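Reviewing the structure listed below.
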Amino acid sequence: MDTHDALAARPLRDALTDVPGLCVGHAQRTEDGWLTGTTVVLAPPDGAVAGVDARGGAPGTRETDALDPRNFVERIHAVVLSGGSAFGLDAASGVMSWLEEQGRGVPVGPEPSQVVPLVPAAVVFDLGRGGRWMARPDAALGKEAAQAAADSGSGAAVPEGCVGAGTGAVVGGLKGGIGTASVTLASGAVVGALVVLNAAGSATDPDTGALYGELTGGRPHLPTQDEHTEAQMLLAEAREETARRTAGTLRPPLNTTLGVLATDAILTRPQAQRLAGSAHDGLARAVRPIHLMHDGDAFFALSTTQRPLAEGEFNEILAAGADAVSRAVVKAVRAAEGVDGPGGVFPAYRDLYSSPGTDTAEPCLPED
């Protein structure tokens, strides 16, 4: 099946949660100098086969070595994506605690409560984006996001834009955030993606203002030259103001794009690792440049193992996964809302260009 035909057959939610069994929850803080959050992807109670591919020069991760197909781990129970740089990895401890309370994890003793949940995690750099350097996700915020995922349930809509780990995200000076998309193959297999867009590179063509992810998808909205010229001036002013407000506190741009790519098709652990690699193909179409030394780009891949993999179908899943990631990047940019706070001025794409947007975003402005 041609990938573009598959795009036309995508499910109603157009989200990672179209993959049966997966739940997504966000928790964020935007008040009193905060602009950060955590996103949790809960696997089914019996876990999911997982892989990971980290290609950025500055990854911040936890439990990723356990996903190497040569190692013992067969299934994981949740994935944590968080702000806060390396400090934000604390959020995974809260998710582990929540899973332990539910009796989810690898049994390690005779009692049902004696389990060790497997929770790989990765973080983006958003320190100080709300104005306060010490405002960062912790175990309590991770636990809150896990509960939000459980409360929403499988198949629920996923809020996009300035939520969860995307609350303080920035891409090329514009406001980034959360985006999600899915594809249904002819066989009925579903491939879904969720992206935390926080890249040092740009999602827009500097010559036209068009979104790279739409150029490769064949349906770009091209701003007028006058609109683009004015947008570039406004963006330059925002960058200058951000530099002024953060003078002496921030170093070279530190970013990272994270994501989860999943399917209900039965995959082996090596196949899951290969699927995680295809996510970076989709990212390369939608953000330029990527995988810089100040990025920590990493993608997890999950298989909920609910549908037999048809002969030759794995290639279709890889192609659909890359396409879903590209569209998720576009949706993250379009869903984001601008920030004007003590940590900087980050206009949204919708602030600069009068192109069609989305109404799914949550406000990012820090609260007084």
Which residues, counting only those in region 4-51, are modelled with pLDDT under 95 and among the aromatic types (Phe, Trp, Tyr)?
none
Between a residue in region 265-289 that is in contact (Cβ under 8 Å) with a residue 24 or more places away in the chain and basic (Lys, Arg) and any residue that is open to solvent by less than 70 Å² (accessible area, probe 1.4 Å) and in a loop (DSSP other than H, G, I, E, B), which pairs come within a Cβ distance under 6 Å, given they are 6 or more apart or on different chains?
ARG269/PRO69; ARG288/GLY201
Against the definition (without any contact (Cβ under 8 Å) to a residue 60 or more places away in the chain and either hydrophobic (A, V, I, L, M, F, W, C) or open to solvent by 30 Å² or more (accessible area, probe 1.4 Å) (or both)), how does LEU215 come out, yes or no?
yes
Does ALA86 satisfy the criteria of being hydrophobic (A, V, I, L, M, F, W, C), part of a loop (DSSP other than H, G, I, E, B) and either at pLDDT 95 or above or open to solvent by 10 Å² or more (accessible area, probe 1.4 Å) (or both)?
no
Can you tell me which condition VAL73 does not meet? The list is (1) β-branched (Val, Ile, Thr); (2) under 26 Å from GLY161 (Cα atoms); (3) surrounded by fewer than 23 Cβ atoms within 10 Å (Cβ to Cβ), and all the others hold.
(2)
Given (1) touching a residue at least 24 places away in the same chain (Cβ under 8 Å); (2) part of a loop (DSSP other than H, G, I, E, B); (3) surrounded by fewer than 24 Cβ atoms within 10 Å (Cβ to Cβ), index of the condition GLU316 fails:
(2)
Some residue of region 92-113 being under 22 Å from VAL79 (Cβ atoms), within 19 Å of the chain's Cα centre (by Cα) and assigned to a loop (DSSP other than H, G, I, E, B):
no
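Across region 31-66, what is the number of residues that are open to solvent by 60 Å² or more (accessible area, probe 1.4 Å) and assigned to a strand (DSSP E or B)? Walk me through it before giving the result.
In the first step, residues of region 31-66 are kept if they are open to solvent by 60 Å² or more (accessible area, probe 1.4 Å); the result is 31-32, 45-46, 55, 59, 62-63, 65.
Still in the running and assigned to a strand (DSSP E or B): 31, 62.
Number satisfying all stated conditions: 2.
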Given the condition in contact (Cβ under 8 Å) with a residue 24 or more places away in the chain, on the phi < 0 side of the Ramachandran plot and either part of a loop (DSSP other than H, G, I, E, B) or within 13 Å of the chain's Cα centre (by Cα) (or both), answer yes or no: does some residue in region 224-240 qualify?
no
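Which one of these is of a type in the set (Asp, Glu), out of contact with any helix residue (DSSP H, G or I) (no Cβ under 6 Å at 6 or more places or on another chain) and closer than 30 Å to VAL345 by Cβ: GLU31, GLU63? Show your work before the answer.
Numbers: GLU63 fails: closer than 30 Å to VAL345 by Cβ.
When all the criteria are applied, what remains is GLU31.
What do you reckon, is GLY130 part of a loop (DSSP other than H, G, I, E, B), of a type in the set (Gly, Ala, Ser), touching a residue at least 12 places away in the same chain (Cβ under 8 Å) and open to solvent by less than 40 Å² (accessible area, probe 1.4 Å)?
Values: part of a loop (DSSP other than H, G, I, E, B): yes; of a type in the set (Gly, Ala, Ser): yes; touching a residue at least 12 places away in the same chain (Cβ under 8 Å): yes; open to solvent by less than 40 Å² (accessible area, probe 1.4 Å): yes.
Yes.
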Kindly check whether there is at least one residue in region 341-351 that is within 18 Å of LEU215 (Cα to Cα), at pLDDT 90 or above and open to solvent by 10 Å² or more (accessible area, probe 1.4 Å).
yes
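The values are calculated or read from the model by the stated rules, or taken from the named source; none is laboratory data. Note that the coordinates shown come from a computational prediction; the quantities given were computed from them, not determined experimentally. Cβ coordinates were reconstructed from backbone atoms using ideal geometry, including for glycine residues, and neighbour counts include every protein chain displayed. Surface areas here come from the heavy atoms of the whole protein model, side chains and all, with no ligands, DNA or RNA. Shrake-Rupley method; radii C 1.70, N 1.55, O 1.52, S 1.80 Å.
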